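The values are calculated or read from the model by the stated rules, or taken from the named source; none is laboratory data. Quantities reported herein were computed from a predicted structural model and do not represent experimental measurements. Backbone-built Cβ (ideal geometry, glycine too); neighbour counts: all protein chains shown. For the accessible areas, the whole protein counts, side chains as well, though only heavy atoms, and no ligand, DNA or RNA atoms are used. Shrake-Rupley method; radii C 1.70, N 1.55, O 1.52, S 1.80 Å.
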Amino acid sequence: MENATAKKTILIVEDEKNIVDILRFNLQREGYDTVEAYDGEAGLSLARSVKPDLILLDVMLPKMNGFDVCQTLRQEGDNVPVIILTAREEEADKVLGLEIGADDYITKPFSMRELIARVKANIRRTAMAASTDHTNVMAAAGDLTIDTDSCLAYKGGKPLSLTQREYELLTFLASHPDKVYSRINLMEQVWNYGYVGDDARTVDVTVRRLREKIEDDPANPAYILTRRGVGYYFSTKGAVQG
Ligand code: CA
């Protein structure tokens with residue numbers, strides 16, 4: 001299933017035509033189909049109609065900026081992997097992008113090798129989520145249920161709107177209950193990155209977003225706990241009380 005022959009489609013939303021051309025060329029050479037939009041509104045429209053497997057999304061765009069495009073898709077319940085393309089200096093953009101539900105970001109100017117690695121990591125993750133067969137590994141913990149067949153998580157019987165990344169992080173931690181993982185471990189295992197650098201903060205933001213969705217009280221979490229100075233783990237103790 002992971003190696004399905006169907007080509008994956010990547011939507012490129014970027015107003016600089018030369019960047020679009022380079023991305024299209026390199027992605028197609030890697031075996032992906034591409035569709036392109038040169039402004040935010042057209043990008044949103046294509047995301048809805050084409051249902052791409054991944055979106056590369058510039059921030060500064062005509063008509064509608066990349067954050068608004070991403071946020072709109074998330075509000076509509078679309079959890080397609082989104083990689084934000086952001087300018088190098090705009091550190092705030094990275095955090096904001098993750099806050100509004102992007103899965104990843106890459107700073108311009110980027111190396112094509114790094115970009116392709118990120119694309120592959122995010123697409124592989126989606127494929128893994130669809131094909132990994134640990135059905136009922138944790139059918140239920142407290143009021144939380146993960147159905148690895150449909151790749152959906154439920155709280156109190158209601159489906160949670162998780163991004164692909166949030167779902168993967170939850171599933172990974174929950175399938176290794178009470179085992180503590182450092183942020184670097186998690187970057188390697190969940191994000192599939194062979195290198196980390198400052199990006200470990202991505203883990204913190206994703207954990208915070210996940211807690212807001214799965215915890216009764218995100219400030220006093222019962223499921224995803226912090227081991228101070230070490231990392232994060234999925235607690236079975238807190239969950240049992242739920
Ligand atoms: Ca731009």
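Using mean Cβ contacts within 10 Å as the protection proxy, how do 19-25, 68-74 order, highest first?
68-74, 19-25
Keeping all protein chains in place, calculate the accessible area per residue for region 4-131 (probe 1.4 angstrom), answer in Å².
It amounts to 44 Å² per residue over region 4-131.
Which order do R118, R211, R48 take by accessible area at a 1.4 Å probe, largest first?
Final ranking, largest accessible area leading: R48, R211, R118.
Reachable lysines from K179, Cα under 16 Å, same-chain residues fewer than 8 places away excluded?
Within the straight-line limit of under 16 Å, K179 reaches these lysines: K237.
DSSP loop (so not H, G, I, E, B), at most 16 other Cβ within 10 Å: list which chymotrypsin sites (Phe, Trp or Tyr not before Pro) in region 140-228 pass both filters.
Loop-located and lightly packed - Y195.
Taking amide H atoms as placed 1.01 Å from N in the peptide plane, list the residues 5 or more away in sequence, or in a different chain, whose amide H sits under 5 Å from that of T34.
Those lying under 5 Å, H to H, from T34 are I10.
Within the accessible area of region 4-131, what % is carbon and sulfur when the probe is 1.4 Å and the other protein chains stay in place?
Answer for region 4-131 is 52 percent, counting heavy atoms of protein chains only.
Could you order E76, E215 by accessible surface area, starting with the largest, using a probe radius of 1.4 Å?
Ranking E76, E215 by accessible area, largest first, yields E76, E215.
Using the structure shown, list the pairs from K120/K213; K51/K155; K8/K155; K17/K108 with a Cα-Cα distance above 19 Å, or answer none.
K120/K213; K51/K155; K8/K155
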